Structure formats: C-alpha cells, structure tokens
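For reference, the structure discussed in these notes is given below.
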Amino acid sequence: MLMDSAHLQEEDAKFFNKIHKGANVVPLYGQDDARACMSQFKGHPYKSEVALSPKAKAMFFNAGHVLGSAMIQVDLDTANGRRRVLFTGDLGRRKMLLMDPPHIPEQVDYLLIESTYGDRVHEGIDRVEELFKGYINQAVANKGKIIIPSFALERTQEIVFVIEKLLREKSIPAIPVYIDSPSAVSISEVFNRHIKDFSFSPEFQAYAASTGDPFGFQTLRYVKTVQESQSLNEMPGPMIIISASGMCEGGRILHHLSNNLDKPTTLVLIVGYQAEGTLGRKLSQGDKEVRIHGMPQKVAARVETMHTFSAHADRDDLIWFMKSLNPRPKTIFLVHGDPGDRVALKAHLKDEGITEVQCPDFGQSFELL
C-alpha cells in the first residue's frame, strides 16, 4: 500500500504538471522513499508481547477494522505502579461482512479511542445486498456505468464479495465488473492467502470454504495496465468500475470520473468516509461542478452514498466497546474525529454514565497518574 501510494503521487504529479504548463508539483514521497523506509518495519502477531524498554511493553489486539488492523496496548512501569494505555486506532464494527469484531482488552487505565462516526449510526450491514441489488439492476436497465471510488484495502474485497453472492443467488444479471486498481489486485491476493488463518469471521470463512473463491467470478476483471484502464472509457455500459482512491483524491478513479460525471446514466456510488475538502465529499454533498486535476467538471451523474459498508465503528459500536471494558478506564480520550462528532459522542457517553471523557485539542498534553 505504501508503494502504491508513492506511485500514485508520482503519476498524479506528472499528469498535473503535464496539463498545467509551468507547474512543478512534487510528490510528498516517492517509490524510492517507500522502499527505503520498509526496513524500519517489523511484524508481530496479535497477543504477542513486544518489549519497548525495561519499563514498557506493548501488545497488539485485533481491531476488527480491516485485515491486520490492530489496537496497541502499552503497559508502563511508573512511580505509582503499572499503568495500561490502549490506543484503538481505527476500530471496527460489532458486525461486518468479513472481519471478526474488535477484541475487548482487560484492565485498561487510559483509553484513546477513535470517534470518526461519534454522532452517527450506520445502516445495518444486512441491507448491503438489498441496496446493491437495486443499484445494479437499475444500471443494467439504463445501460449505464456504476463508478465506485473504493479503498483498495477491505472495501474493494467486500464489494466483490457482495456482487459474487448476488450473482450466485441469481439476484442480478451477469454484469462486467472491473477492479481498476493495481494495489487492490495485490491486496485481493493477500486476502485469498489468509482466509483460513487471520482475523476473518467464522461465517465468512465457512462461506469461502463452500464456494472456493469469494473474491472472483466469471464477469470480474482485474485491470492491471494503463491501456486497459483507458479502454474502459470507450466501452458502453452497463458495467461496474471499482477504482482507487476511495476519497477521489488521486489514482485512476479521477480519470473515470472526468469521463463519466457529465452523463446522466452514470451512477457514482460513494461507499466510504469522505473527509472534509476532498472531491469525494464534494460529490456526496451534491456539488454540481467540481474540479479534477485543476479543471472544472460538470456533474450530471447521479450520486448515491452508502454508509452500510463503513468499516468504522459507529456511535453505538463505540459506546458498546467502551462499556465492555471492565473495569472502566480512569480517563477516555476521544481522538480521530471531527470536532462536532467528538463533542456529540462525549454527550452520549454522559447519558450512559461515562463522565471521565476528554476531547483533546491539538498539542494538548495530559499527565497520566
């Protein structure tokens, strides 16, 4: 993923400089940088103790967010005794399509927890197939294209899994599906290799064992070359194009959007969180004109947003996780969320009787007693 990000930055900078004569956009980092920093990484399995210093040790637990996502628990020897700090990072939901739910650690003194959806409740994951069935059947009827900006990790594999199930059940007609993301191709191979031995749910593992390949079907094509990607713009619908990046800030998705946003038969399906200021956020909020590679682009396409796929815990999942910790942490810090979501989540926690909650400002420090 790091190499893919570096490659995308290099290609996007090259393309921007090409269409804007005199521009000199430079990538934040390139592929050489990515290769150089990989020597600093060392993998550790879940629930395996990692010594950080004579007075500190860490342990990873399944965060239930994406394949390999981990919470970090740090135990510290202090003048007042042993203290345990847990940082959730991105936290998964109680029920997801592929992953096991988050592990519940024990004896946590201080909790740092994400709050991306601290004031929202997702649609039930059980509605995914019903919604997708409707969108696909409509695209087939309109002979249109469904353009899905998707994260290469987890979201793309979930979508392919849902389409595979719908096809197997004959709930939708056969429709060409193109995965136009080199990193998604590589990540899907990793998923297939680890179906039996990682943090997948038992239900998904059983389905995979019965079908043989939950990430593949006859009309699915993994696009690898730029030429193949470009040829999709000349092909008529109906078809589904799944491409990165998920927030429409770079990668091949930009070319598919620039070639299809002006067509009323196009459906742009937003299936993930869109940060403030991103192209994906502008599309999801209904902007009728956007800029792609600095050029104005009219939006005639239909844009729909699905929160059903979110791999982030929603408000109720976050509260469930915090209430499951026994004993309750001395202090809970709400991080990784828009200010309004953090404040709202703090208010919801107060209603649940959880009052020792902080919403830290950038740069603010706290003494952990």
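None of the figures in this text is laboratory data; all of them are computed from the coordinates on show. Everything numeric here is computed off the predicted structure, so don't read it as measured data. Here the Cβ is made from the backbone with ideal geometry for all residues, glycine too, and neighbour counts use every protein chain on show.
Just tell me the longest site-free run in the chain, where the sites are trypsin sites (Lys or Arg not before Pro) in a DSSP loop having at most 16 other beta-carbon atoms within 10 Å.
Details: sites that count: Lys21, Lys42, Lys47, Lys55, Arg94, Lys95, Arg120, Lys143, Lys170, Lys196, Lys224, Lys288, Lys330.
With trypsin sites (Lys or Arg not before Pro) excluded where exposed in loops, the chain gives 225-287 as its longest stretch.
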### Query
Separation between the Lys42 and Asn17 pseudo-spin-labels, each 7 Å from Cα along Cα→Cβ, expressed in nm?
3.8
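In nm, what is the difference between 0.36 nm times the number of residues separating Trp320 and Val74 and their Cα-Cα distance?
Numbers: separation 246, 0.36 × 246 = 88.56 nm, distance 2.19 nm.
Extending this stretch completely gives an extra 86.4 nm.
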### Task
Could I have the simple spin-label model distance between Glu169 and Gln31, label points 7 Å from Cα toward Cβ, reported in nm to one decimal?
4.2
#### Entry: Met3 versus Ser365: modelled label distance in nm, points set 7 Å from Cα along the beta carbon direction
4.0
### Task
Within region 140-176, report the GluC sites (Glu not before Pro) that DSSP leaves as loop and that have at most 13 other Cβ atoms within 10 Å.
Glu169
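In deg cm²/dmol, rounded to 500, what helix-only [θ] at 222 nm does the chain give when every DSSP H run of at least 4 residues adds -39500 (n - 2.57) and the total is split over its residues? Let's see the in-between values first.
Numbers: 11 runs with 119 residues, N = 369.
Estimated from H runs of four or more residues: -9500 deg cm²/dmol.
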### Query
Which length gain, in nm to one decimal place, applies between Asn192 and Lys55 when the Cα-Cα distance is subtracted from 0.36 nm times their residue separation?
45.4 nm
### Message
Run the reach check for Lys21 against aspartates and glutamates, Cα to Cα strictly under 15 Å, same-chain hits fewer than 8 apart removed. What comes back?
### Response
Asp12
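Among all helices in the chain defined by DSSP H, which have a length of 15 Å or more along the axis from Cα atoms plus a Kyte-Doolittle mean of at least -1.0?
Working: long enough: 2-19 (26 Å, -0.53); 128-142 (21 Å, 0.00); 155-168 (20 Å, 0.26); 182-193 (17 Å, 0.17); 339-351 (19 Å, -0.70).
Sorted by number, the helices that extend far enough and score high enough are 2-19, 128-142, 155-168, 182-193, 339-351.
Out of all DSSP beta bridges with both ends in the chain, state the antiparallel percent to the nearest 5.
Percentage antiparallel, nearest 5: 45.
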### Query
For Ala206 and Arg83 in the same chain, what is the full-extension length gain: residue separation times 0.36 nm, less their Cα-Cα distance, in nm?
40.3 nm
